[in-house]
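Here is the structure we will look at.
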């Protein structure tokens, strides 16, 4: 093929976006927005021998915090997929030819590259994979503290994630109200300790700093609606003599009355914690508060 005479242009189809949600968020509505369509065309008709264009998706620089989606580690980072890896133009074709992009589970800015085979001529587009409207929290307040703040200097997942405490902006006021109301109920107790939320751009949270952990760890911490709260403070050092059962039950009631669903996980182990769902993915999640508030009555 006479690739040297080919000049390619890659662009987004009219109406398609350069920003998509990550895949497998566990929220079906979001999965409708994990695709985009690009158009590949030649700036002049293909020569008689045709043109072959190679396509690939390149990951962001893991050291670039403005594009890595919160993942400060590499080792074969996962990226989105294209409907075609190669496209051939024959005769006098110029296109455009459509290329479908489907996001992967990991957020960040990816680069879609179209390259003329065996030549240096390329065209590229940036694709932002992210969950919008996520916000971060202050390191600590009078009513709550992040795990990495204060005397606890452990960063998110052994320093490979700079911020794992992001949440959807509509959830932040509910969480802050939970912390205030719990502090008001038990002023001598420890502050609430938030151990995990979502990454700044959402998507899969590679808790062990590798991509093999995506399918079985932190599978719900992807859209900013899930928080992990340390449970052992609720009754361990209450100081004012409140019994542990009453202490925890009040915390659970406060969460339920602020649109959360507190699920005590890994009970009795060193990893015991409250997973608070602000979006009930399953019926069993929404039933958590039905049971708690029914006991209250």
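Go through (1) assigned to a loop (DSSP other than H, G, I, E, B); (2) in contact with a strand residue (DSSP E or B) (Cβ under 9 Å, 6 or more places away or on another chain); (3) at negative phi and name the single condition residue 49 misses. Result: residue 49 passes all but (2).
Of the residues contained in the range 147-155, none is found to be loosely packed, with under 15 Cβ neighbours inside 10 Å, over 30 Å from residue 17 (Cβ atoms) and at pLDDT 80 or above.
Of the listed requirements (1) under 30 Å from residue 195 (Cα atoms); (2) surrounded by 16 or more Cβ atoms within 10 Å (Cβ to Cβ), residue 42 misses just one: (1). Meeting the requirement of 2 or more residues that are at pLDDT below 80 and more than 30 Å from residue 62 (Cα to Cα), the helices (runs of 4 or more DSSP H) wholly within the range 170-273 are 233-236, 244-256. So, residue 25, is that one part of a loop (DSSP other than H, G, I, E, B), surrounded by 16 or more Cβ atoms within 10 Å (Cβ to Cβ) and within 15 Å of the chain's Cα centre (by Cα) or not? Against the criterion (part of a loop (DSSP other than H, G, I, E, B), surrounded by 16 or more Cβ atoms within 10 Å (Cβ to Cβ) and within 15 Å of the chain's Cα centre (by Cα)), residue 25 qualifies.
Residues that are over 30 Å from the mean Cα position of the chain (by Cα), in contact (Cβ under 8 Å) with a residue 12 or more places away in the chain, more than 28 Å from residue 282 (Cα to Cα) and surrounded by 14 or more Cβ atoms within 10 Å (Cβ to Cβ) are absent from the range 56-75. Over 30 Å from residue 218 (Cβ atoms), in contact with a helix residue (DSSP H, G or I) (Cβ under 8 Å, 6 or more places away or on another chain) and in the same structural domain as residue 21 (by TED's automatic domain parsing) - does that describe any residue in the range 98-117? Looking through the range 98-117, at least one residue is over 30 Å from residue 218 (Cβ atoms), in contact with a helix residue (DSSP H, G or I) (Cβ under 8 Å, 6 or more places away or on another chain) and in the same structural domain as residue 21 (by TED's automatic domain parsing).
Answer with yes or no whether residue 60 is in contact with a strand residue (DSSP E or B) (Cβ under 6 Å, 6 or more places away or on another chain), in a loop (DSSP other than H, G, I, E, B) and more than 26 Å from residue 121 (Cα to Cα). For residue 60, the condition - in contact with a strand residue (DSSP E or B) (Cβ under 6 Å, 6 or more places away or on another chain), in a loop (DSSP other than H, G, I, E, B) and more than 26 Å from residue 121 (Cα to Cα) - is not met.
The values are calculated or read from the model by the stated rules, or taken from the named source; none is laboratory data. Given the structure is predicted, the values throughout are model-derived calculations rather than measurements. Every residue, glycine as well, gets a Cβ built from its backbone with ideal geometry; the counts of neighbours run over all protein chains shown.
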